Every structure is written in C-alpha cells, then in structure tokens.
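Quick notes on the structure that follows.
The values are calculated or read from the model by the stated rules, or taken from the named source; none is laboratory data. Remember, it's a predicted structure, so these values are computed and weren't measured experimentally. Neighbour counts run over all protein chains shown; Cβ positions are idealised from the backbone, glycine included. Side chains are part of the model used for accessible areas, which takes the heavy atoms of the whole protein and leaves out ligands, DNA and RNA. Shrake-Rupley method; radii C 1.70, N 1.55, O 1.52, S 1.80 Å.
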Amino acid sequence: MRGTSAMLHRRVNEGRDTTARSVSYRVDVVDPPPAEAFEPTPDATHGEHRPRRRLQIALTLTVVVALVLGTIGGSGLITGSAPIVGNEVVEGAPSTEPRVVAVDAAGGVITMDQHGGSGVAYPVPGVAFEFPAWSPDGTSFAAIGRDAEGAGLYVFEARTPSQPQTEAVIAYESADHPPFYLYWTPDSQQVTFLTSESDGLALRVAPADGSATAITLRAGAPMYWDFVDPGRLLVHSGANGPDGFFGEVGVDGALFEEPSAAQGLYRAPAISGDDRLRAYVADDGGTTSEVVVEARDGSGSTRVRVFGPAAFSFNPQSDELAFVAANESSGRNLQLPVGPLRLVDPTTRGVRTLLGGKVVAFFWSPTGKSIAAIRLDQGDDNVTEASRGAGAVLARARANSNVEGAAASLTMHLSFVEVTTGSVVSERLVRLADLFLNQVLPYFDQYALSHRVWSPDGTAIVLPIVGEGDVTRLLAIPVDGSDARALATAEMGFWSP
C-alpha cells in the first residue's frame, strides 16, 4: 500500500476572522506544555505515479519498555504477533457485520469479519489500492487505485466468501488529475474526493455507480470539508485573502450562503450530529486563535482561546465538542495541533480537560461514551525542531538500543478515556505503522469523518501496529484493556458502519 497522503493541507495558511462573535472565553488549564515544534519540510515522493506527501515529525523519544512477544493487554507494548489472515481467502459461512476492509503492503484489498476470518479478496490486475472507506450503509466500499497509467476511484460491492465476484465500478480516473482522498456522501450515493492539480487541489464528486462524470465543487489548497446532509457540505479551503473560502456548498456546486471572511488556521470543520451546530478554528486577530462553536446561521457562538492550530470533532451523540490544541504559547509557530484533549459544552459554555499532555490525535467512539487518544510520552521524550519547508519530515523515535526492533519507529501511548468521568479505562504502548503515522495522524480530524477506526459497537478500534520482525499487522484493540487480536498482515484497515 503505497500512495499519496491526503494532503488536505499542502501548506499551512493563516487567516483572520473579521466577523462579530457574541461570547469569548479564555481557558486557562494547568497541563504539561505541548510539543514545541512540528515543522514541515518539502514534499517527498514515492514512485513515478504515486506522489507521496508525508507529514514527518523530527522527534527524539526515549522509550524503555520490554518487548513482549505476542499480543498483550494492559499497558504493555502491542506487537501483533498472533495468527494472521493476510491476503488468503478463508472459506466458511457467510460473515455477519461488522466487517473490516484492509489493504496489504502490495496494495491488495480484502474484507474480513471482526475476527479476521471469512476473508474476501477484491483483485484488480495491475492496480494497487490505498485508503479504502466503507459507504455509510455498509453495502460498498471505495478505494483509490493506482496503476502505470494513473489513478482512479474504484467502488466495490461488498460480498461474502460464498458470493460471486463482481467487477469494480471506476467512478473516476485520470493520469493528470489523480485522486488521493475520498469521503462518501451520507446517503451512500456519491463519493467526494480530492485530486492533485497543477495549481493546488480540486474537490470533486462522482456518483458511486459511475453513471455520470465527476464534477468539480471547489478548487484551492488546503481543502477540508464535512457534510451537513447528503446534498450539502461545509467547506473550509483556500489561502488567506481572496482565495479563502468558508461556507456551505451543494453537491452540485451551488452556494447555500455567502462565503464567510472567517478563514483562520485551516483544519477540518465539524458539523454536529443533529446538523444544528458547526465548529471551526479562527484567528482572533492577535497571537492566538480560537475554537469556535456556533449555530449554522453564525449566531450564538462560543469561543475558546488556544495557541496555534486546533483539531476538533463533535460527540456523535451530543453537541459536546472535543478538541486538541496548545493551551499555552510555546514561543514557536506550531504547524500541527498538539496539546491536552479538552471538551467544550456549547450549552453551558464550560470547558474541561479530559486528558492532559501532548495529544496528537483522537477518535470518538460511535456511542459517544469514550474517546481513543494517541499521545506522546510524558516522560523523557524530547521534541526537537524539524527542518523547515512546505512538506514534512518523517516521525522517528530513538528508542533504547536494547529493545529489539523498536528503534526505527515512534512508540506512542494509546489511551481510552471515559468521557463522563474523564477516567482512563485502559492504556498501552503502540508502534504505529509509518503509513498511518505520517498520513493519517497529522490530519486525523478529516480522516475521522471518512474512515472508521472504531467498531460499530464501540468496544474496539483497529490500528496498523508494527510488531515482531518489523511486520505491520492490523490489530483490533479492545477498550477494556484485554488482549488485542491480529486480523491480518496489512498496512491499513477500517471498520464498516
């Protein structure tokens, strides 16, 4: 699985919010300081037909752990050395939901049940796939496919081992304007996606059944969006000044509102589950920025002061917004949100810290009862300044030289936090695969909208974990701290709805 990262954000842009807001809050919390520098460097490529822009973070992290062979629970290092499925199709009774779609190191795509069994392969000769995503109704999945001629958007009908193979629908393909990130419409009828352009990015949409030609909705870079409903999406795109855009757009390209002057520090916007509220990050006109939660008509806003960029998403079962951002100035221009995980209640306008420290990504459980958070070590880690430029540098950790196989990858904490009480249900060390570390984590807020890491019942997440022999395996990791189970040898995988 080798492909472009979803460069929803080719360069970091800053803007200014010139619209009036009703209430402003300064949030002061006492937490360990955030990471000091996540600086980008020039884009890297991988292969002639696979431009690969990686976020790469220069880190020196001292990790003293015992390398335990086999999957373990609790706080140990997960290595994922349990029996695996890989690309082998396992015959058996038809699988029931939930399902997982995964891609191996060669770009082969396969679906399986929650135990890694009942595997079904979806081969397309000469095509390597990346970042598959299930349709919201769970009947299909789409993936970016690449071959010697270019790239396309492939849609597969999900099937069981006993069902006959069907051909994939190519909803879009191009050598000059290759797609690299996709996001289904809520009604499972269309797929929105980003394409690389000579002057930036284009946001396009195509019917999943291939019945019509894709159309372009917006152009600009960076490019982020969330859906309000199947017919419209909230877009935050473009550079500062006249190229900036924030507003609702129809899937036919029509504008539903006048574009806002609120450009801010670009990240994925968020829409609440009941479609009443939206959230975004804006420049407050000084040295700080603000996380803004407001009604979709722009009224009744709640603003939380932060330092630098922020990433956020709504609880799928309520209006509560979780966000990550620095809570104090580091004296440097941060390029990515790193800091404590906090919650804001738009009704009470109260803010509380859920998990302190250097959180770099989080994912809401579909039940809204817990959050999976990924953070840097709180001990002797030392975040160093990375090279400067428009792209990024690979995140690497210098681990204890006596820990076999651990020195080439960044070991991080995976914490499951109970939202109501703020208690940590379980926590363990994980060695995330480079592909996930470099291409998903930096833009986790956008990927969380389109690619599901949580099981439908909220009891486990799937992550690609580097284990024994530096082999990447897709693990299902339970919230309760019990043993993780290996599903397949794979670079990436996502749950069905």
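Normalised by the number of residues in the stretch 100-156, the mean separation of alpha-carbon contacts (under 8 Å, six or more apart) gives a relative contact order of 24 percent.
Shown for the stretch 207-252: the carbon plus sulfur share of the solvent-accessible area, taken with all protein chains present and a 1.4 angstrom probe, equals 49%. Scoring 472-483, 198-209 by mean Cβ neighbours within 10 Å over their residues and listing the highest first yields 472-483, 198-209. In the full protein context, the stretch 408-496 carries 24 Å² of accessible surface per residue, based on a 1.4 Å probe and ignoring ligands, DNA and RNA. Evaluated at q = 0.23 Å⁻¹, the base-10 log of the normalised Debye intensity for the stretch 132-237, with identical point scatterers placed on the Cα atoms, takes the values -1.30. Protein heavy-atom accessible surface, 1.4 Å probe, per residue over the stretch 127-248: 34 Å². Across the stretch 475-485, coupling constants 3J(HN,Hα) worked out from phi with the 6.51/-1.76/1.60 Karplus curve, θ = phi - 60°, read 10, 8, 10, x, 5, 6, x, 6, 4, 6, 10 Hz, and Gly and Pro carry x.
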